[in-house]
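Single-structure report; data block below.
We did not get these values from a lab; they are worked out from the coordinates using the rules stated. This structure is a prediction, so every number in the text was calculated from the model and none was measured. Cβ coordinates were reconstructed from backbone atoms using ideal geometry, including for glycine residues, and neighbour counts include every protein chain displayed.
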C-alpha cells in the first residue's frame, strides 16, 4: 500500500499555514517535506515552526530538504538529501541514529543500492512523469520501482509529475510513497480536493 508524501511549494506566502492545515485534514498524508527553495535559511527558520506544528498535530512525519544541520536545529523528524547536497555520513551525523535520512537516487539502481547499504531510511526515484516543479535530471521508469520493490525491503518514494489522474500506475508499480508538489498545490480544484483525491486512490 502506498502513502502520500507531500512537498511544500518552493515559495509560500502569508496564510499558507492555514492552507496546509486544511489540506492535511482533507486526506491521508504520511509525510510532509518542507522544501522552501525560494526562501533563505533565516526565512525557513521563521516559516518552518508553524508548518512543523501543523503536521505534527496530525501525526504527519516532517522532513526538511537539503540541509541536515537546519533539519536538526528545527527538530524535524528527518532530512532529504540529493546527490549534490550534504553527504550521507554528514546527514546521519546531524540527524542521529533515530532521525530519518532519505536520498534522491534519480533513475539509478546503483545509487539506490549504495544509499541502502549506507543506512538510508528510504530512496527516491524520479522523475516518474514530466514535471514543471523543477528541471528533472533523469526520467525513472515504473519498471525501476517494481524492480526495487521485488528485491528490497527499504521503502522507495516515487516523485515527479504525479497527479490524481496518473498516480494509478505508480501505485500499482509498488511505490511505498507517492511524492507530490504541484499535483496538490496547483490542482485546478484546489489542494484540498487534490489531497482527498489522492487519498481515495491510496485507500
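When 92, 28 are sorted by how many other C-beta atoms sit within 10 angstrom of their C-beta, beginning with the fewest, the order is 28, 92. Which whole number in µm²/s is D for region 11-69 by Stokes-Einstein, with the Kirkwood Rh taken over Cα pairs at 25 °C and 0.890 mPa s? Translational diffusion coefficient: 208 µm²/s.
Shape descriptor for region 56-96: Rg over Rh equals 0.99 (Cα atoms; Rh from the Kirkwood inverse mean 1/r). Full extension of the chain between residue 186 and residue 199 gives 3.0 nm of extra length, using 0.36 nm per residue less the Cα-Cα distance. A protection proxy built from the mean count of other Cβ atoms within 10 Å ranks the segments 94-100, 17-23, 29-35, most packed first, as 29-35, 17-23, 94-100. The simple spin-label model puts a point 7 Å past each Cα toward its Cβ; for residue 113 and residue 166 those points are separated by 2.9 nm. The helix-based estimate of mean residue ellipticity at 222 nm for the chain, built from -39,500 (n - 2.57) per DSSP H run of four or more residues and divided by its residue count, is -12000 deg cm²/dmol to the nearest 500. In the set (1) -0.78, -1.04, -1.41; (2) -0.55, -0.76, -1.17; (3) -0.66, -0.87, -1.19, the label that goes with log10 I(q)/I(0) by the Debye sum over Cα atoms at q = 0.12, 0.14, 0.17 Å⁻¹ computed for this structure is (2).
A straight chain from residue 11 to residue 138 at 0.36 nm per residue would run longer than the Cα-Cα distance by 43.4 nm.
Taking the fewest neighbouring Cβ atoms within 10 Å as the starting point, the ordered list for 67, 203, 3 is 203, 3, 67.
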